[in-house]
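What follows is a set of notes on a single structure, which appears directly below.
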Amino acid sequence: MASRRIVTHSPEETLAFGREIGARLKPPVLVLLAGELGAGKTTLTKGIVSALGAAEEDQVTSPTFTLVHKYDQGAVVYHVDLYRVGDFHDLETLGLEDFLTEQAIVIVEWPEKLSLRTTWPVLRIQLEHAGEDMRQITIEDNQGILEALGNPSAAVDQRPII
Ligand code: ADP
Ligand code: MG
């Protein structure tokens, strides 16, 4: 799967789509979640983390103030939120580079605040408001990480963009 765009109509649909993504991720992988506040980045993360078995959905909360949460009941997942990070940093000054030496899945909200050099496979996901409870989710999967994603059952209005 190269790239894909779907529209969800509720937080539950976004959670379900996150679970479908999470079920297909194998460490190491870096998941970059771009999109403004309320776009659904953390909601999608809850689905990804729960499908990986690293934590329950309710245990996944926004690491806005702590910068990073680690979930490791099974798979190891780091959930990073750079919203509060004022300036442009690189992995080293944020102390995140250690994560990228582990067999982990690293999920980053506000990745545009990061300068990134990694040999890890990268999955880029953009979330956008599309009216009320609708969110457009665009996945850029140049490395074929979600090769087996197929047709997510939760996805409505789904159409490949490449
Ligand atoms: P972000 O992490 O991008 O700031 P959150 O996931 O924390 O966003 O919040 C998304 C908010 O939008 C939640 O309050 C959620 O209930 C609401 N919402 C409404 N519709 C959707 C949808 N289709 N997908 C995800 N969240 C939605
Ligand atoms: Mg968030």
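The values are calculated or read from the model by the stated rules, or taken from the named source; none is laboratory data. These figures come from a predicted structure and were not determined experimentally. Using ideal geometry, Cβ is built from the backbone for each residue, glycine included, and neighbour counts are taken over all protein chains shown. Surface accessibility is based on the protein's heavy atoms, side chains included, excluding ligands, DNA and RNA. Shrake-Rupley method; radii C 1.70, N 1.55, O 1.52, S 1.80 Å.
Cβ-Cβ distances below 7 Å connect the following pairs, each with a first residue in the range 58-75 that is over 21 Å from Glu36 (Cβ atoms) and hydroxyl-bearing (Ser, Thr, Tyr), a second residue that is in a loop (DSSP other than H, G, I, E, B) and within 14 Å of ligand 1 (Cβ to nearest atom), and a separation of six or more residues or different chains: Tyr71/Val60. Is at least one residue of the range 6-28 crowded, with 16+ Cβ neighbours inside 10 Å, under 19 Å from Asp98 (Cα atoms), at pLDDT 95 or above and not polar (S, T, N, Q)? So far as the range 6-28 goes, no, none of its residues is crowded, with 16+ Cβ neighbours inside 10 Å, under 19 Å from Asp98 (Cα atoms), at pLDDT 95 or above and not polar (S, T, N, Q).
Can you find a residue that is more than 16 Å from ligand 1 (Cβ to nearest atom) and among the polar types (S, T, N, Q) anywhere in the range 5-22?
Checking the range 5-22: not a single residue is more than 16 Å from ligand 1 (Cβ to nearest atom) and among the polar types (S, T, N, Q).
Quick check on my filter: what residues within the range 123-162 are in a strand (DSSP E or B), away from ligand 2 (no atom under 16 Å from the Cβ), at pLDDT 90 or above and touching a helix residue (DSSP H, G or I) at 6+ places or on another chain (Cβ under 9 Å)? Leu123, Arg124, Ile139, listed by residue number. Which one of these does Leu37 not meet: (1) under 24 Å from Arg117 (Cβ atoms); (2) out of contact with any helix residue (DSSP H, G or I) (no Cβ under 9 Å at 6 or more places or on another chain)? Exception for Leu37: condition (1). Return the residues of the range 40-70 that are open to solvent by 10 Å² or more (accessible area, probe 1.4 Å), farther than 18 Å from Glu20 by Cα and within 16 Å of ligand 2 (Cβ to nearest atom); say none if nothing qualifies. Scanning the range 40-70 gives Gln59, Thr61, Ser62, Thr64, Phe65, Thr66, Leu67, Val68, His69. In the set Thr42, Thr64, only one residue is β-branched (Val, Ile, Thr) and either more than 30 Å from Glu132 (Cα to Cα) or in a loop (DSSP other than H, G, I, E, B) (or both); that residue is Thr64. Please verify whether Leu33 is closer than 19 Å to Ile145 by Cα, within 9 Å of ligand 1 (Cβ to nearest atom), touching a residue at least 60 places away in the same chain (Cβ under 8 Å) and not hydroxyl-bearing (Ser, Thr, Tyr), treating the condition exactly as stated. Yes: the conditions hold for Leu33. Taking the range 68-115 as the range and being modelled with pLDDT of 75 or more, over 16 Å from Val49 (Cβ atoms) and assigned to a strand (DSSP E or B) as the test, the residues that pass are Leu114, Ser115.
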